[in-house]
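Enquirer: Before I ask anything, let me first share the structure, which is written out below as structure tokens.
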Amino acid sequence: MNPSRRHVLAGLTACASLPALPRFAQASTETNVESAAHRLTLAPARQQIAPTDYPATDLWCVNGTMPGETLRRTQGARLVVEVDNQLPQATSLHWHGIRINNAMDGVPGVTQDPIQPGTRFTYDFALPDAGTYWYHSHAQSVEQVERGLQGALIIEEPDAPDVDQDLPLVIDDLRVTAEAAIDANFAVPHDLSHAGRMGNILLCNGKMVADHPVKTGDRLRLRLINSANARIFTLGLQGLEGWVMAYDGMPLATPEALPDRLLLAPAQRVDLFVDVTAAAGEDAFLVQFERDGGYELARFPVASGTRARRPAPSALPPNPDFPIDLPSARSVDLITEGGAMAWLSGARFKGEDLSGQDLAQLGQFWAFNGSAGRPPEPFVTARLGETIRIRMVNDTRFPHAMHLHGMHFSEVRADDSLGPLRDTLLMLQGETREIAFQAHNPGDWLFHCHMLSHHAAGMGTWVRVTA
């Protein structure tokens, strides 16, 4: 049975009255520019997100689209991007998942001053790792990412793998009004203190209907990027079979069989190689599962093809390795507290010890190790090359997507074996998990929850790596 075309999620806003969705072509937003510099203009623009009998939506776009154009470069190259801020707010761009020079990380107050309206800033950095990454605003992110300041960043392997199509799929949700306008209330206390800002429409590459024609027997590389403020996507495929090749840009040593359900937390990415098994004349689907059924995120209309199914793929080439030395690791704890149903009794905020009531008045509902908001001192200072092991305790009633800037980590399993490299880990309610990383990248690196409302409401700290 085909998944529902209805992408509006019940019980959120008046927009639940949107009709069944029409089909329309998916516009390309990609560029394959290898020149020394590239301009990204951040400016207001209108885009038709809802069906055509609704108004276009006012967004903040990158070169006129949401998501912004897909930037493609080759591993080992440099990315030089001049950002022209034509928005009414100061901003920045963070290059999520790239093991980058610290000065280029795009975090106002940590690595750079914000880019003021009417001014420009040039990002210039090497690209050591192939894989699927993305860029997004790191200033007032709850609002600016929701309004559209996001896009895919694809670093290609020098030798292209054997696939027929390479498709970045940026999956997102937006909270819109009955007139298809962005709901402009970005500081709702319920969002800040509960699960975060959830949208009421689902998007893939900025569309409620995303079509990608394929042929039977095609092998597709699907680069899935969760750019949502807070939604954890529970994904499945229909008419497509394949393998997990990489998490958060980092290739697996051995491809994994694709599970029936794949969880993708905010900011996480996964690379899939999938073969089209649906027959000609049928449709294949990428599906999001909600409590009331499956909803189409992307549709793949299938035409006849002559290619026989290929053998299972070999692993993608590994990226540069920075080995984790668990026997010599230094262990630290990170305790997450607060949120609804586990309210903070108090925490330190901007140098003052405040009560839970005072913190709530300031929009601060969460704390790491008794500190709400980014503290003046790093959570941990590591020597270059040192292995750091972090035991994370989620002493709250909600999930959190913990993201480390500048470096990838591995989860430490119960038997002290290491999981795949990631830059974002989903922590479910009440869980205790351990991660470890080699502190190989000098600088000050943010460590925070990527449920963006949670970060804004206290869930942010940082790590210092000294040369």
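Enquirer: So how far apart, in nm, are the two label points at D113 and N101 if each is 7 Å from Cα heading toward Cβ?
Expert: 1.9 nm
Enquirer: Putting +1 on Lys and Arg Cβ atoms and -1 on Asp and Glu Cβ atoms, find which of V209, V188, A178 reaches farthest to the positive end of the dipole of the stretch 178-246.
Expert: The listed residue farthest towards the positive side: V209.
Enquirer: Another question, then. Taking the Cα-to-Cβ direction at S304 and at D53 and moving 7 Å from each Cα, how far apart do the two end points lie in nm?
Expert: The answer from the label model is 3.7 nm.
Enquirer: Can you divide the C-alpha Rg of the stretch 319-467 by 2.2 N^0.38 Å and report the result to two decimal places? Please list the in-between numbers first.
Expert: Numbers: Rg = 15.2 Å, N = 149, 2.2 N^0.38 = 14.7 Å.
Expressed relative to 2.2 N^0.38 Å, the Cα Rg reads 1.03.
Enquirer: Taking the simple approach of a point 7 Å from Cα along Cα-to-Cβ for both D333 and A315, what is their distance in nm?
Expert: 3.5 nm
Enquirer: Give me the distance between the Cα centres of the stretch 93-155 and the stretch 159-203, rounded to whole Å.
Expert: The stretch 93-155 and the stretch 159-203 have Cα centres spaced 18 Å from each other.
Enquirer: Continuing with this model, one more query. Based on the mean of other beta carbon atoms within 10 Å per residue, what is the order of 306-313, 58-65, 41-48, 348-355, most packed first?
Expert: The peptides rank, most packed first, as 58-65, 41-48, 348-355, 306-313.
Enquirer: Another question, then. Between Q165 and V188, what is 0.36 nm times their sequence separation minus the Cα-Cα distance? Round to one decimal in nm.
Expert: That pair, Q165 and V188, stretches by 4.2 nm at full extension.
Enquirer: Non-local amide H neighbours of E434 (under 5 Å, H modeled in plane, Pro and chain starts lacking H): which ones?
Expert: Close amide H contacts, sequence-distant or interchain: M392, V412.
Enquirer: I'd like the antiparallel share, as a percent to the nearest 5, of DSSP beta bridges with both residues in the chain. Can you show the working numbers first?
Expert: On the way: 99 of 135 bridges.
Just about 75 percent of them are antiparallel.
Enquirer: Suppose every Lys and Arg Cβ carries +1 and every Asp and Glu Cβ carries -1, with no other charges. What dipole size does the stretch 297-412 come out with about its Cα centre, to the nearest 20 debye?
Expert: It comes to approximately 820 debye.
Enquirer: If you take log10 I(q)/I(0) by the Debye sum over Cα atoms at q = 0.09, 0.10, 0.11 Å⁻¹ from the coordinates, which of (i) -0.69, -0.85, -1.02; (ii) -0.57, -0.72, -0.88; (iii) -0.70, -0.80, -0.90 do you get?
Expert: This structure yields the entry labelled (ii).
Enquirer: At 0.36 nm per residue, and after removing the present C-alpha to C-alpha distance, how many nm does the segment from L262 to M341 gain when stretched out fully?
Expert: Here the answer is 25.6 nm.
Enquirer: Let me ask another. For the chain, give the magnitude of the charge dipole about the Cα centre (Cβ charges: +1 Lys/Arg, -1 Asp/Glu; no others), in debye to the nearest 20.
Expert: Dipole about the Cα centre, nearest 20: 280 debye.
Values quoted throughout were computed directly from the atomic coordinates according to the rules given, and no laboratory measurement underlies them. Nothing here was measured: the structure is a model prediction, and the numbers come from that model. Because the Cβ atoms are built from the backbone with ideal geometry, glycine has one as well, and the counts that use them run over all protein chains shown.
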